[in-house]
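What follows is a set of notes on a single structure, which appears directly below.
The values are calculated or read from the model by the stated rules, or taken from the named source; none is laboratory data. None of the values given here were measured: they were computed from a predicted structure. We place every Cβ from the backbone using ideal geometry, glycine too, and count neighbours over all the protein chains shown.
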């Protein structure tokens, strides 16, 4: 039944294979530890992502996910001070002051919990022949405003056709 919601707690039934479909998708996943320090940061993850998918090879999709309530992942230009511009814009949109109802931690900590609604905690990038298909000036970046948590984890998942 279209639009039905499974409320039984049982795993969902497998969808029937598409007529003519012959391949399955394989997934590999790894968690990398990232030290962000005690200041707001835009941290380039591109080298780690590129090295990891190159080691696997093939075509597919790299999914980058930050399992934290106060961090995000952006695909953007880094260098040329674009990262500084992003942090400045976030400071204007989400000031580190006492307006936030989520008020534990450092002053303005609640803004860190709002930021992932603006910069999602994930991004997906196409991969061809083990290479990230980013645009000329694009990079994959971790965006972290939370000065209370100096260490992060980032999950990289590569979905690919195993053939």
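Take residue 145 and tell me if it is under 18 Å from the mean Cα position of the chain (by Cα) and modelled with pLDDT under 95. Spell out how you get there, then give the answer.
On the way: under 18 Å from the mean Cα position of the chain (by Cα): yes; modelled with pLDDT under 95: yes.
In short, yes.
Which residues, counting only those in the stretch 61-73, are in a strand (DSSP E or B) and surrounded by fewer than 18 Cβ atoms within 10 Å (Cβ to Cβ)?
Matches in the stretch 61-73: 61, 63.
Do we find a residue being in contact (Cβ under 8 Å) with a residue 40 or more places away in the chain, exposed (fewer than 15 other Cβ atoms within 10 Å of the Cβ) and either under 15 Å from residue 45 (Cα atoms) or in contact with a strand residue (DSSP E or B) (Cβ under 7 Å, 6 or more places away or on another chain) (or both) anywhere in the stretch 104-116?
First, pick out the residues of the stretch 104-116 that are in contact (Cβ under 8 Å) with a residue 40 or more places away in the chain: 105-106, 112-113, 115-116.
Still in the running and exposed (fewer than 15 other Cβ atoms within 10 Å of the Cβ): 106.
Cutting the leftovers down to either under 15 Å from residue 45 (Cα atoms) or in contact with a strand residue (DSSP E or B) (Cβ under 7 Å, 6 or more places away or on another chain) (or both) gives us none.
No, there is no match, as no residue in the stretch 104-116 is in contact (Cβ under 8 Å) with a residue 40 or more places away in the chain, exposed (fewer than 15 other Cβ atoms within 10 Å of the Cβ) and either under 15 Å from residue 45 (Cα atoms) or in contact with a strand residue (DSSP E or B) (Cβ under 7 Å, 6 or more places away or on another chain) (or both).
Can you pull out every residue in the stretch 117-161 that is over 17 Å from residue 63 (Cα atoms) and either out of contact with any strand residue (DSSP E or B) (no Cβ under 6 Å at 6 or more places or on another chain) or part of a loop (DSSP other than H, G, I, E, B) (or both)? Explain how you work it out, then say what you get.
Going through the stretch 117-161, the residues over 17 Å from residue 63 (Cα atoms) turn out to be 117-118, 136-137, 144-151.
The answer is 117, 118, 136, 137, 145, 146, 147, 148, 149, 150.
Please go through the stretch 40-60 and give me each residue that is surrounded by fewer than 15 Cβ atoms within 10 Å (Cβ to Cβ) and in a helix (DSSP H, G or I), ordered by number.
47, 51, 54, 55
So which of 80, 69, 96, 88 is under 27 Å from residue 28 (Cβ atoms) and without any contact (Cβ under 8 Å) to a residue 60 or more places away in the chain? Give the derivation first.
Details: 80 fails: under 27 Å from residue 28 (Cβ atoms); 96 fails: under 27 Å from residue 28 (Cβ atoms); 88 fails: under 27 Å from residue 28 (Cβ atoms).
Of the residues listed, the single one that is under 27 Å from residue 28 (Cβ atoms) and without any contact (Cβ under 8 Å) to a residue 60 or more places away in the chain is 69.
Taking the stretch 74-100, which residues are modelled with pLDDT of 85 or more, closer than 17 Å to residue 148 by Cα and outside any helix (DSSP H, G or I)?
94, 95, 96, 97, 98
Sort out which residues of the stretch 120-146 are more than 16 Å from residue 32 (Cα to Cα) and in contact with a helix residue (DSSP H, G or I) (Cβ under 8 Å, 6 or more places away or on another chain), and write them in order of number. Even if it seems obvious, please write down each step before you answer.
Applying the first criterion (more than 16 Å from residue 32 (Cα to Cα)) to the stretch 120-146 yields 120, 124-139, 145-146.
Selection gives 125, 127, 130, 131, 132, 134, 139, 145, 146.
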